[in-house]
1. Could you grab me the full set of residues in region 118-132 that are within 20 Å of residue 64 (Cα to Cα) and surrounded by fewer than 12 Cβ atoms within 10 Å (Cβ to Cβ)?
2. Assigned to a helix (DSSP H, G or I), free of Cβ contacts under 8 Å to residues at least 60 places away in the same chain and over 20 Å from residue 81 (Cβ atoms), is that true of residue 59?
3. Tell me which of these residue 33 doesn't satisfy, since it passes every other one: (1) assigned to a helix (DSSP H, G or I); (2) farther than 23 Å from residue 64 by Cβ.
4. Condition first: free of Cβ contacts under 8 Å to residues at least 24 places away in the same chain, surrounded by 11 or more Cβ atoms within 10 Å (Cβ to Cβ) and under 24 Å from the mean Cα position of the chain (by Cα). Now tell me which residues in region 15-36 satisfy that.
5. Here are some conditions: (1) surrounded by fewer than 16 Cβ atoms within 10 Å (Cβ to Cβ); (2) out of contact with any helix residue (DSSP H, G or I) (no Cβ under 7 Å at 6 or more places or on another chain). Residue 70 meets all but one. Which one does it not meet?
6. Is it the case that residue 59 is crowded, with 18+ Cβ neighbours inside 10 Å, at negative phi, at pLDDT 95 or above and under 13 Å from the mean Cα position of the chain (by Cα)?
7. Could you tell me how many of the residues in region 118-135 are closer than 18 Å to residue 61 by Cα and in a helix (DSSP H, G or I)?
8. Checking the structure you have, find out if any residue of region 76-98 is touching a Leu at 6+ places or on another chain (Cβ under 9 Å), on the phi > 0 side of the Ramachandran plot and of a type outside the set (D, E, K, R).
Amino acid sequence: MAYYALVCLEKFDASLAKEHDAKWINITEIPELIFDHNQMVEDALTLLRYKVSMQPVIFKFFSEKFTLPALQSLYEAIYQKPTDKRNFRNKIASMDVLDRLDIKDTESSKRRAVYYIFNEEKYKAFLESDKCFSL
């Protein structure tokens, strides 16, 4: 039996991991594991990809606000392949489940990307209009 979880790194207590000699490894750099553990990791990644494609779980990776480049980067990391910037933004915009904030990212964005937040009420209205969330 295996479990997977989404973890907010800002809230993660690293001391527990150190106690058990656990460490973070990039999904593309996982070594050969014992028994069927590589398959367990692959199955968890497949399930995560399915959930991200059909439910708004991707927004839970952010504490609150996020930029569209950060959202796209996370999406690409989960699927391990690049996506077209314009198509990604159009898909997000077509669902109308985000609220644009009046603040911009001045630290990690050269072009000062605008921050957004996921709007749960808009998402509920989106579902009530017989539409399906699909990324």
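The values are calculated or read from the model by the stated rules, or taken from the named source; none is laboratory data. Predicted model, so just to flag it, every value in this text is computed and none were measured. Every residue, glycine as well, gets a Cβ built from its backbone with ideal geometry; the counts of neighbours run over all protein chains shown.
1. Answer for region 118-132, where residues must be within 20 Å of residue 64 (Cα to Cα) and surrounded by fewer than 12 Cβ atoms within 10 Å (Cβ to Cβ): 120, 121, 124.
2. So residue 59 passes the test.
3. Checking residue 33 against (1) assigned to a helix (DSSP H, G or I); (2) farther than 23 Å from residue 64 by Cβ, the one that fails is (1).
4. Applying the first criterion (free of Cβ contacts under 8 Å to residues at least 24 places away in the same chain) to region 15-36 yields 15-26, 29-36.
Adding the requirement that they be surrounded by 11 or more Cβ atoms within 10 Å (Cβ to Cβ) leaves 17, 30, 33, 36.
Listed by number, the residues that qualify are 17, 30.
5. Evaluating residue 70 over (1) surrounded by fewer than 16 Cβ atoms within 10 Å (Cβ to Cβ); (2) out of contact with any helix residue (DSSP H, G or I) (no Cβ under 7 Å at 6 or more places or on another chain) leaves (1) as the failure.
6. Working: crowded, with 18+ Cβ neighbours inside 10 Å: yes; at negative phi: yes; at pLDDT 95 or above: no; under 13 Å from the mean Cα position of the chain (by Cα): yes.
So residue 59 fails the test.
7. Going residue by residue through region 118-135, those that are closer than 18 Å to residue 61 by Cα are 118-120, 123, 133-135.
With the extra rule that they be in a helix (DSSP H, G or I), the set shrinks to 120, 123.
Going through region 118-135 one residue at a time, the tally reaches 2.
8. So far as region 76-98 goes, yes, one or more of its residues are touching a Leu at 6+ places or on another chain (Cβ under 9 Å), on the phi > 0 side of the Ramachandran plot and of a type outside the set (D, E, K, R).
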